[in-house]
Amino acid sequence: MGLFGGNKENYKDKKSIIIYFSRADENYFGGAMKYIEKGNTEVIAEYIRDIVGADIFKVEPQIPYSADYMQCIEEAKVRTREHNAPIKENVPDLSSYEVIYVGSPVYWGGMPEELFTALKGLDYTGKTIRPFVTHEGSGLSSIPNQLKNICTGAVVTNGLAISGSSVNSARSKVENWLKGLGL
Ligand SMILES: Cc1cc2nc3c(=O)[nH]c(=O)nc-3n(C[C@H](O)[C@H](O)[C@H](O)COP(=O)(O)O)c2cc1C
């Protein structure tokens with residue numbers, strides 16, 4: 001019996017961790033600016049955590065992005081261009097994890113530079129990466145390919161792309177994605 005057809009307690013995923021980046025504050029939703037308390041990608045990360053029982057780690061920038069959306073856009077452009085985005089804390093030791101969920105907003109068509117800082121240079125041999133992304137129109141964009149490039153040795157599965165403005169009603173999409181991955 002699969003996860004969704006049966007008893008959740010009977011379900012055991014491979015040992016997994018969710019590593020994600022997400023920013024609250026001012027954001028842009030289909031034409032309007034809005035202030036949010038919790039980032040969109042974080043909402044999806046928490047659905048996954050609740051469904052599969054994975055560990056969870058949030059990548060935090062050493063220098064927070066501005067709350068102002070337009071300023072944040074500019075800061076992200078500079079950090080990406082200069083490949084300069086130190087993070088508060090390194091990701092935990094990944095050696096015991098078989099599955100890594102990587103969650104990212106789309107920033108300028110790819111991942112925020114902080115996720116490169118967090119993920120590059122680690123050993124991914126034999127691991128599976130399941131990417132999930134929130135966006136305002138770009139879909140997965142280049143994020144799966146970016147992950148393939150920096151996480152050498154890992155298998156990168158089909159990704160999940162959710163529009164940022166719809167995260168609060170996206171739990172069933174998350175479940176369907178996980179089912180499609182064989183959970
Ligand atoms: C700096 C920045 C750059 C962005 N670039 C894109 C983009 O290229 N394509 C897109 O569809 N959305 C873009 N967005 C919108 C975000 O991907 C979207 O709002 C996402 O849900 C934010 O996730 P978060 O709340 O978890 O940080 C951008 C947002 C920011 C702040």
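The values are calculated or read from the model by the stated rules, or taken from the named source; none is laboratory data. Given the structure is predicted, the values throughout are model-derived calculations rather than measurements. Backbone-built Cβ (ideal geometry, glycine too); neighbour counts: all protein chains shown. Remember, those area values only see protein heavy atoms, side chains included, never the ligands or the DNA or RNA. Shrake-Rupley method; radii C 1.70, N 1.55, O 1.52, S 1.80 Å.
Only beta bridges with both residues in the chain are counted; by DSSP, about 25 percent of them are antiparallel. Each of the peptides 131-141, 71-81 was scored by the mean count of other Cβ atoms within 10 Å over its residues; in descending order, highest first, they stand as 131-141, 71-81. For the range 32-90, the Kirkwood hydrodynamic radius from C-alpha pairs, put into Stokes-Einstein at 25 °C and a viscosity of 0.890 mPa s, yields a diffusion coefficient of 181 µm² per second. Its Cα centre serving as origin, the range 8-169 has a Cβ charge dipole (Lys and Arg +1, Asp and Glu -1) of approximately 480 debye.
Volume per residue for the range 48-145 equals 118 cubic angstrom (convex hull of Cα atoms). Look at the alpha carbon pairs under 8 Å that are at least 6 residues apart: their mean separation over the length of the range 8-169 gives a relative contact order of 24 percent. Expressed per residue, the C-alpha convex hull volume of the chain stands at 111 Å³.
The phi-based Karplus calculation (6.51 cos²θ - 1.76 cosθ + 1.60; θ = phi - 60°) puts the 3J(HN,Hα) values of the range 166-183 at 10, 4, 5, 10, 9, 4, 5, 5, 5, 4, 5, 4, 5, 4, x, 8, x, 7 Hz, whole numbers, x for Gly and Pro. Taking a sphere under 10 Å around the Cβ of Gln62 and counting the other residues whose Cβ falls inside, with K and R at +1 and D and E at -1, yields a net charge of -2.
Could you work out what % of the accessible surface of the chain is carbon and sulfur, using a 1.4 angstrom probe and leaving DNA, RNA and ligands out of the count? Carbon and sulfur atoms account for 47 percent of the accessible area of the chain.
From the P(r) of the range 122-161, could you give the percentage of C-alpha pairs in the tail past 16 Å? Considering the range 122-161, 33 percent of its Cα-Cα pairs are separated by more than 16 Å.
Where only protein heavy atoms count, and the probe is 1.4 Å, what is the accessible area per residue for the range 8-169 in Å²? List each step's numbers first, then the result.
Values: 7830 Å² over 162 residues.
I get 48 Å² per residue for the range 8-169.
Taken over the C-alpha atoms, the range 6-110 has Rg and Dmax values of 15.9, 49 angstrom. Think of the range 8-169 as a dipole: +1 on every Lys or Arg Cβ, -1 on every Asp or Glu Cβ, centred on the Cα centre; then among Gly39, Val78, Val99, Val99 lies furthest on the positive end.
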